[in-house]
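Please treat every number below as a calculation from the coordinates, not as lab data. From a predicted model like this one, the values you see are computed outputs, not experimental measurements. Virtual Cβ from ideal backbone geometry, glycine too; neighbours counted across all protein chains shown.
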Amino acid sequence: MSGKFIVIEGLDATGKSTLVSKLVDQLNAVSLKCPPRLDAPELSVRDLRSYFDDRPHAQRRAYYRAANLIASEQAVRALEDSHVVMDRYWTSTVAYIALDEGFDVGEQFEASYPPELREPDAVILLTVNEEKRVERIRERNRSVEREEQKLEFDAVRRENVLRRYRGFSPIEIDTSHRDPEAVLQATLDILHNSGIILNEQLA
């Protein structure tokens, strides 16, 4: 079979990881992340991200571009036998440029995929009202990443990130008043009604 490539996007604490997990089970799909997981135990993806997130703009974006290429190749291979659900992709790389120092809020950008990357069949953008998002972040027992700190305290930058996400014309689902099962059902309904996933492809 030739599977469908579905990307789940959104700011932190919008419910991406939960939806990815549920969608993978429902579609019997392969779960991937971007930046991708690495098999070598001595290489930590989180350590690499932390290192490059502290590097100058050019190096940081070069890292994420390479990470997208690796994730794309993983997806292409998995799609030969299965659907793929990916947690973040090139859309996030483009969106989060809005957090870089010196970013011009009026800057024009092209919401497109480089030719070396496999374009998704569907991009689901999860959103949530900011009060609920901050509440979810506070409930977590882990540190908040630097980019997330910028988003929480800067509404202009937060809106710029979302604007760049929306430039890709994603399917947008507001999770503010939906529990995880309702978010899953809304996603499945959209994928089915748009002809991306057929009923017989559901697990």
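Between residue 59 and residue 81, the modelled label-to-label distance comes to 3.9 nm, taking each label 7 Å out from Cα in the direction of the beta carbon.
What FRET efficiency would be calculated for the residue pair residue 181, residue 119, taking the C-beta separation as r and a Förster radius of 25 Å, to the nearest 0.05?
0.30
Each of residue 130 and residue 73 was given a label point 7 Å from its Cα along the Cα-to-Cβ line. The distance between the two points is 4.1 nm.
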